[in-house]
Amino acid sequence: MIKVTFSGMRERLQTLDRLEREQLPFAAALTLTATAKEVKATLVEEMSSVFDRPTRWTLNSVFIEPATKARMEARVWLKDQDPGSGGSAAAEYLSPQIYGGPRDYKGTEKMLYRRGALSSGQYVLPGDKLQLDAHGNIGRGRLTKILSGAGLFTEEGYDANATDSARSMRKGNRRYFLIKKGRTAIGIAERLSRGKGSRNNIRMVLVFARRPAYSKLFDFYGTAERVAQDALPIEFEKALARALATRRQ
């Protein structure tokens, strides 16, 4: 989280006259909030630049807490609440991009671990031939179909596993299955054809691999601090002028 304060402006504050000092709390709150908005806008631009096809949720995840006369501080951070659609909070899944290092388990991976399909230290990655959505992710509907076909939904979720019913067979869900190397699951494969000679006609749709690690890609703090330092003096002069104009009316 970035906190926007008046650090570094002591000399300018010492030059204020009496009327300006009277309006300082109002002007300060305006300044800090306006600066935080500039920081937010730049961070969104930075995400559009450094991330590959970021989702709307990701781009809308930056939020601000405005400053008030009682709290001379504006805050800028990422939403840390679940978006309500079963996905992860932005503050969680963007942390590896900000700090570097391994990412946490996703909900699907936790479920597969509980089922015993995923071993400790394994993570789920898309297979090379798996079609991804417009943002480079595995679409939720496709992921549901794969896990259902492989019979890997837990009772803690909902009963979405495919069966031998005519409906499941028509939907083609039963063509997905857990594939192992020895006793260890290495992923989920899709059977591309049936009948004689089809045993090896498969493709990996999900791969169980070692924990992925990320280098720092999104310079959240560096970008925010740079913008805040540049914007704060400008926004202060604008806010002070506005405060004085209001006072004289």
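The values are calculated or read from the model by the stated rules, or taken from the named source; none is laboratory data. Since this is a predicted model, take the numbers as computed values, not measurements. For neighbour counting, all protein chains shown are included, and Cβ atoms are generated from backbone atoms with ideal geometry for every residue, glycine included. Side chains are part of the model used for accessible areas, which takes the heavy atoms of the whole protein and leaves out ligands, DNA and RNA. Shrake-Rupley method; radii C 1.70, N 1.55, O 1.52, S 1.80 Å.
Answer yes if at least one residue in the stretch 6-21 is more than 24 Å from residue 94 (Cβ to Cβ), under 30 Å from the mean Cα position of the chain (by Cα), modelled with pLDDT under 90 and not small (Gly, Ala, Ser), and no otherwise. For the stretch 6-21, residues more than 24 Å from residue 94 (Cβ to Cβ), under 30 Å from the mean Cα position of the chain (by Cα), modelled with pLDDT under 90 and not small (Gly, Ala, Ser): present.
Are any of the residues in the stretch 146-163 under 30 Å from residue 99 (Cα atoms) and either surrounded by 12 or more Cβ atoms within 10 Å (Cβ to Cβ) or at pLDDT 80 or above (or both)? No, every residue in the stretch 146-163 fails to be under 30 Å from residue 99 (Cα atoms) and either surrounded by 12 or more Cβ atoms within 10 Å (Cβ to Cβ) or at pLDDT 80 or above (or both). At least 3 residues being open to solvent by 50 Å² or more (accessible area, probe 1.4 Å), among the charged types (D, E, K, R) and out of contact with any strand residue (DSSP E or B) (no Cβ under 6 Å at 6 or more places or on another chain) is the threshold, and among the helices (runs of 4 or more DSSP H) wholly inside the stretch 1-72 those reaching it are 10-13, 18-22, 24-50. Put simply, of 185, 134 the only residue that is open to solvent by 70 Å² or more (accessible area, probe 1.4 Å), at pLDDT 80 or above and outside any helix (DSSP H, G or I) is 134.
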